[in-house]
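Have a look at the structure below before the remarks.
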Amino acid sequence: MNERRGIPAAPPAMREKPRVWYWLPHPYMTLVLVGVWLMLNNTLHPRHVLIGAVLGFAIPLFAQHFLPEAPRIRSWRAAMRFLPLFLWDVVVANFVVAGLILNLRRRMRPSWVAVPLDLVDPYAITTLANVISLTPGTVSSRLDDGRRTLLVHVLDTADPAAEVARIKSRYERPIREIFEC
């Protein structure tokens, strides 16, 4: 701690980084913030680009002590392969859920399934939980205290074990390739 100013010293991980990363601690967040700002304003006027760039630079800089370490993406190629698969699953699941809702004669078979996790990286686990929740018909509900099991509610399944196998092969395996797990 800097005694004269009462400012705590930077965490050890931050002190080891090159100087440029101190000023730009979360580069992806900066890009996302600029993009969101421009989409919210629905313009590419230079004034809005400048405001977005200032916000995208300032927010991560001032919040860096409150934010965890930036995620480490191991394979961008795996991420680019996973994104279309995930988007396709979202579109297909929307039609399946709409069919379930509109077909009044068929009874849904909801189920809670416990998905054992091989992931250890918190960002990878969060990504898996979000992918499951963003896919219509499934919602990730709870992560156990040891971060080894994710409880998922499935709107309609005949075989809960097959649903667990599908989640592990279709989502968890590619996410494990993307992140350093």
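Every number here is computed from the coordinates shown, using simple stated rules; none is lab data. From a predicted model like this one, the values you see are computed outputs, not experimental measurements. All Cβ positions, even for glycine, are placed from backbone atoms using ideal geometry, and neighbour counts span all protein chains on display.
As a check on your grasp of the helix formula, calculate [θ] at 222 nm for the chain: sum -39500 (n - 2.57) over DSSP H runs of n ≥ 4, divide by the residue count, round to the nearest 500. That calculation yields -16500 deg cm²/dmol at 222 nm. Scanning residues 5 or more positions from R142 or on other chains, those with amide H under 5 Å from its amide H are L151, with H placed 1.01 Å from N in the peptide plane. Pick from L44, L61, L83: which is most flexible by mean-square fluctuation in a GNM of the chain where alpha carbon atoms under 10 Å apart are linked? Largest GNM mean-square fluctuation: L44.
Relative contact order (percent) for the chain, with alpha-carbon contacts under 8 angstrom and 6 or more residues of separation? For the chain, the relative contact order is 22 percent. Quick one: if the Förster radius is 30 Å, what FRET efficiency do N130 and F62 give, using the C-beta to C-beta distance and rounding to 0.05? After rounding, the FRET efficiency stands at 0.75. Counting beta carbons within 10 Å around each of S133, S140, S169 and listing the fewest first gives the order S169, S133, S140.
Put in order of Cβ neighbour count within 10 Å, fewest first, the listed residues R148, R72 become R72, R148.
Per-residue 3J(HN,Hα) values for region 160-177, derived from phi via the Karplus relation 6.51 cos²θ - 1.76 cosθ + 1.60 with θ = phi - 60°, read x, 5, 5, 5, 4, 4, 5, 4, 5, 7, 7, 10, 5, 4, x, 5, 5, 5 Hz in sequence order (x marks Gly and Pro). Let me see the P(r) profile for region 76-178: every Cα-Cα distance counted, bins of 10 Å, each bin given as a percent of all pairs. The percentages, shortest bin first, are 15, 48, 29, 7, 0. Going by alpha carbons, how many degrees (0 to 90, nearest 10) lie between the helix axis of 46-63 and the longest principal axis of the chain? Between helix and principal axis, roughly 90 degrees. Fewest neighbouring Cβ atoms within 10 Å first, the residues Y123, Y28, Y171 line up as Y28, Y123, Y171.
Residues in region 81-90 carry Karplus couplings, in order, of 6, 6, 4, x, 4, 5, 5, 4, 4, 5 Hz; the curve used is 6.51 cos²θ - 1.76 cosθ + 1.60 with θ = phi - 60°, and Gly or Pro positions show x.
Remark on the chain: Rg and Dmax equal 20.9, 74 Å (Cα only).
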